[in-house]
Amino acid sequence: MEILLNGEPVDTLQNVKSLEFTFKNKILEEGYLGETTQQYDAVFDGVEGNAEFHFGNAAPFALAAALVNKARRRDSGTQINIKCTYQFPSGRRARVVIRDAEFGPMPFGIGGRSEFATFKIAFSASDANVLPT
């Protein structure tokens, strides 16, 4: 996983503990008089996900500040993309690029003296491209 802030990688966030994202397809269902079964359709409602990182420097705080500034409209034109690359045993790869993500809660935590500090993000975006390589 790589986070790109205005096209530049935030390369200090490399200790990805977990990543999950969902393509949000919504099924529409409607029944009509005279029909014997329901009619179905689907609508794509974007992508949402979350990630958790371990960190040992101040980089996550700088990213959080940039995300807050974007949400407050202090930095116009800020764009944040998320790039996920999956490497398979066969040598094939798949890449998912989530463009212009918006972010929700960003909790920071440390469970104890012998545990790593954690940073979590929740994100949503209008679209994602899947690029098999």
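Looking at Ala122, Ala42, Ala101, which one is small (Gly, Ala, Ser) and over 18 Å from Ser18 (Cβ atoms)?
The match here is Ala42.
Kindly list the number of the only condition in (1) loosely packed, with under 13 Cβ neighbours inside 10 Å; (2) closer than 22 Å to Val96 by Cα that fails for Leu19.
Going through (1) loosely packed, with under 13 Cβ neighbours inside 10 Å; (2) closer than 22 Å to Val96 by Cα one by one, Leu19 breaks only (1).
How many residues does region 1-51 hold that are not in a loop (DSSP other than H, G, I, E, B) and not charged (D, E, K, R)?
Selection size over region 1-51: 23.
Among the residues of region 22-42, which ones are under 20 Å from the mean Cα position of the chain (by Cα) and more than 16 Å from Val96 (Cα to Cα)?
Within region 22-42, Asn25, Lys26 meet the criteria.
Where residues in region 51-61 are touching a Leu at 6+ places or on another chain (Cβ under 9 Å) and over 17 Å from Gly104 (Cβ atoms), which of them is modelled with the lowest pLDDT?
By that ranking, first place goes to Ala59.
Would region 103-115 turn up any residue that is part of a strand (DSSP E or B) and within 20 Å of Glu2 (Cβ to Cβ)?
Yes.
Restricting to region 9-50, name every residue that is of a type in the set (D, E, K, R) and either closer than 20 Å to Asp127 by Cα or touching a residue at least 60 places away in the same chain (Cβ under 8 Å) (or both).
Lys17, Glu20, Lys24, Lys26, Asp41, Asp45, Glu48
The values are calculated or read from the model by the stated rules, or taken from the named source; none is laboratory data. Note that the coordinates shown come from a computational prediction; the quantities given were computed from them, not determined experimentally. In this analysis, Cβ positions are derived from the backbone assuming ideal geometry, glycine residues included, and neighbour counts consider all displayed protein chains.
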